[in-house]
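First comes the structure, then the notes that go with it.
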Amino acid sequence: MQETKKIHFFKRIIIAIKDFDKYQDFAIENISEAIKYFLKLMIIFAIIISIGFSVRFNKILNGGTAYLKNELPNFTFLDNTLNFELEEPIYIQNENPLFNVIIIDTITQDENQKQKVIEELNTYGTGIVFFKDKVVLKGQGTSGIAVTYNYTDIQKQYEFGNFNKENIVNLLTNGNIIKVTIVFFVITCIYMFFVYIWLGFLDVLLLSILGYVISRLFRLRLKFGPIFNISTYALTLSILLNAIYIVINVLTGFEIKYFGIMYNTISYIYLITAIILIKSDIIKKQTEFMRVVEEQEKIKLELERKKAEEEERRKEEESKKEEKEKNESKKKKKKDDGTSPEGSEA
């Protein structure tokens with residue numbers, strides 16, 4: 001256990017992915033070690049996916065800036081009123097990854113006509129309409145419902161003041177896009193970390209419960225702490241693959257239909273394999289222990305046999321010694337009887 005504590009974070013990732021035999025070392029660590037590893041792993045996860053979102057955001061900003069500078073007519077936002085130099089409404093379709101349509105209509109003043117435009121917006125999956133006095137948004141963040149925001153309310157909340165096309169173009173050029181992208185990356189990274197850390201912790205918890213049941217089926221009585229450790233490391237490959245998949249999906253739109261199933265399956269395989277190896281290792285150690293016990297028993301019996309032989313030999317030697325002493329005593333007695341005065345008179 002002391003050795004695994006000295007393993008640095010990135011080496012732990014490699015071990016968690018390719019070395020199942022080390023999972024028993026992770027299992028006997030303090031649960032705090034697994035929690036620290038999980039938090040660091042989620043930081044890496046948040047950074048990876050935030051990079052993907054930031055690249056996409058930067059691409060949108062650059063494309064939007066070019067479109068704004070070269071394609072859109074002049075406009076001004078003055079006293080909470082938006083005005084475009086238009087002869088008819090503008091429809092921008094399927095050119096923005098966030099919205100299926102962008103409608104600019106600062107000509108229509110009648111509320112009934114505006115409502116028809118909003119109803120037209122509902123025929124698209126996502127979209128945004130800029131009117132003279134308000135903006136209507138329908139996107140993933142609004143749950144598919146068209147939401148209206150008055151410019152007066154927006155200006156009170158954010159206090160951005162008046163502006164025109166030239167101001168916006170200047171704001172988005174001269175290196176400001178990079179600064180905005182960096183700010184976007186930091187905010188996204190923090191947001192993603194706190195969102196996915198709870199989702200990841202839920203995955204660890206559910207996997208731990210599964211591992212607890214499986215360990216009982218294998219008659220391996222592990223406590224919940226070691227199983228929690230194993231489950232944390234078993235999710236390593238799934239989490240990293242999920243980060244890579246999210247980045248690819250964000251940048252290219254490529255989708256894997258059953259990726260969620262694959263995500264869970266990989267972690268299940270790692271968990272079950274780790275438990276089987278721990279069970280096998282315990283059986284192996286038990287077998288080695290029984291072999292040692294048998295050898296000790298043999299040695300004990302051999303020592304007892306030698307001791308019995310030595311005891312028997314000692315008794316024989318004592319018996320011979322006693323016999324010898326008796327014979328010598330008899331000889332001495334006979335000798336004493338032959339040399340006495342009474343014996344010579346007889």
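The values are calculated or read from the model by the stated rules, or taken from the named source; none is laboratory data. Everything quoted here is computed from the prediction, not taken from an experiment. Here the Cβ positions follow ideal geometry from the backbone for every residue, glycine too, while neighbour counts run over all protein chains shown.
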Residues that are at pLDDT below 85 and either of a type in the set (Lys, Arg) or part of a strand (DSSP E or B) (or both): does segment 138-148 have at least one? yes
Residue under question is Phe38, and the condition is that it be surrounded by fewer than 16 Cβ atoms within 10 Å (Cβ to Cβ), modelled with pLDDT of 90 or more and under 31 Å from the mean Cα position of the chain (by Cα); does it hold? no
Considering each residue of segment 187-210, count those that are under 12 Å from Ile43 (Cα atoms) and exposed (fewer than 15 other Cβ atoms within 10 Å of the Cβ), and give that number. 4
So, restricting to helices (runs of 4 or more DSSP H) that lie completely within segment 1-117, which ones have at least 2 residues that are without any contact (Cβ under 8 Å) to a residue 12 or more places away in the chain and closer than 30 Å to Lys134 by Cα? 31-70
Look at Ile47 and say whether it is buried (at least 17 other Cβ atoms within 10 Å of the Cβ), at negative phi and at pLDDT 85 or above. no
May I ask you to list the residues in segment 143-165 that are aromatic (Phe, Trp, Tyr) and within 42 Å of the chain's Cα centre (by Cα)? Tyr149, Tyr158, Phe160
Write out, first by first residue and then by second, each pair whose Cβ atoms fall under 6 Å of each other, whose residues are 6+ apart or on separate chains, and whose first residue, in segment 147-172, is in contact (Cβ under 8 Å) with a residue 40 or more places away in the chain while the second is part of a helix (DSSP H, G or I). Val169/Lys69; Leu172/Thr65
Can we say Tyr245 is touching a Phe, Trp or Tyr at 6+ places or on another chain (Cβ under 8 Å), farther than 30 Å from Asn58 by Cβ and assigned to a helix (DSSP H, G or I)? no
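State yes or no: is Asn229 touching an Asp or Glu at 6+ places or on another chain (Cβ under 7 Å), buried (at least 18 other Cβ atoms within 10 Å of the Cβ) and touching a residue at least 60 places away in the same chain (Cβ under 8 Å)?
yes
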When you check Glu166 against the structure, is it modelled with pLDDT under 90, assigned to a helix (DSSP H, G or I) and more than 23 Å from Gln93 (Cβ to Cβ), yes or no? yes
Could you check segment 179-204 and list, in sequence order, the residues that are touching a helix residue (DSSP H, G or I) at 6+ places or on another chain (Cβ under 8 Å) and more than 16 Å from Ile49 (Cα to Cα)? Val180, Phe201, Asp203, Val204
With Asn58, Asn62, Asn83, Asn74 as the choices, which residue is under 39 Å from the mean Cα position of the chain (by Cα), over 30 Å from Ile239 (Cα atoms) and modelled with pLDDT of 85 or more? Asn62
